[in-house]
């Protein structure tokens, strides 16, 4: 397997493309927006420059990585020769179902179809295809070129052969794959999102401020990043979407998103990507937003 297609050129998509290309795979990066593809290649170039500066790769490695990536705006053309297709589009069920219907039509019959979804059922995604045994989850962590973990999610129909192949492939990317079963949130977000949600409730109920909550978790629990800053980094809209998947999937009120999170997303404050979340990122400086703004 040498030909990889990646659907979506956002943060996760360009990170996945970067990683495969760096390890010598031919990557077709697909997005409907040509400007988004150009931004993705620019981002990959900058990230490769950081690796060169750190001495982890050479200038020749950077050039070869970029050479291995080809941009496409049409799914049919981009996936035609792919052995593995990794979908990394927005965390939206209807969009993913449409993409997988298209992939089942346009990809060659033996191609494996993977989703980078962080919470949506692989079984549900596979149900719109005629190759359920070849549909699997590959949940990379952000930033993809740096983070080692890949959650490999088996849908109800995913075959042993597909699972073993993806586990082995992940290892070849110098990742640490962990096999998990297909239940809402899998492992990572089933544990992480309730913690983030509880941190938001702690702020909402005026137990402590933004920096105080994050400081307790960093210094007391040895977390490299506090839960509120991490939520900003993930994207508050993404956190809300995952919590809704957990709440709907389990029917348990403990997964209900905090009203403060709902209000912030509704107001357009989605974290780093929008410039403001629990922190303000104006001019590249991270400052906690005034505590009174978060009060009930």
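The values are calculated or read from the model by the stated rules, or taken from the named source; none is laboratory data. Not measured: the values here are computed from a predicted model. Positions of Cβ are generated from backbone atoms using ideal geometry, with glycine treated the same way; all protein chains shown enter the neighbour counts.
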Before we move on, is residue 162 assigned by TED's automatic domain parsing to the domain that holds residue 16 and part of a helix (DSSP H, G or I)? yes
Only one of these is farther than 20 Å from residue 275 by Cβ and either touching a helix residue (DSSP H, G or I) at 6+ places or on another chain (Cβ under 7 Å) or at pLDDT below 95 (or both): 176, 199. Name it. 199
Here is a check on your reading of the model: is residue 194 surrounded by fewer than 20 Cβ atoms within 10 Å (Cβ to Cβ), in contact (Cβ under 8 Å) with a residue 40 or more places away in the chain, within 16 Å of the chain's Cα centre (by Cα) and at negative phi? no
Yes/no for residue 225 being surrounded by fewer than 19 Cβ atoms within 10 Å (Cβ to Cβ), within 21 Å of the chain's Cα centre (by Cα) and under 30 Å from residue 123 (Cβ atoms): no
Across the stretch 208-257, what is the total count of residues that are in a helix (DSSP H, G or I) and either in contact with a strand residue (DSSP E or B) (Cβ under 6 Å, 6 or more places away or on another chain) or outside the structural domain of residue 196 (by TED's automatic domain parsing) (or both)? 4
For residue 8, state whether it is buried (at least 17 other Cβ atoms within 10 Å of the Cβ), in contact (Cβ under 8 Å) with a residue 60 or more places away in the chain and at positive phi. yes
From (1) over 20 Å from residue 92 (Cβ atoms); (2) without any contact (Cβ under 8 Å) to a residue 24 or more places away in the chain; (3) surrounded by 12 or more Cβ atoms within 10 Å (Cβ to Cβ), pick out the condition that doesn't hold for residue 247. (1)
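Taking the stretch 164-176, which residues are within 26 Å of residue 130 (Cα to Cα) and crowded, with 19+ Cβ neighbours inside 10 Å?
Applying the first criterion (within 26 Å of residue 130 (Cα to Cα)) to the stretch 164-176 yields 164-170.
Answer for the stretch 164-176, where residues must be within 26 Å of residue 130 (Cα to Cα) and crowded, with 19+ Cβ neighbours inside 10 Å: 166, 169, 170.
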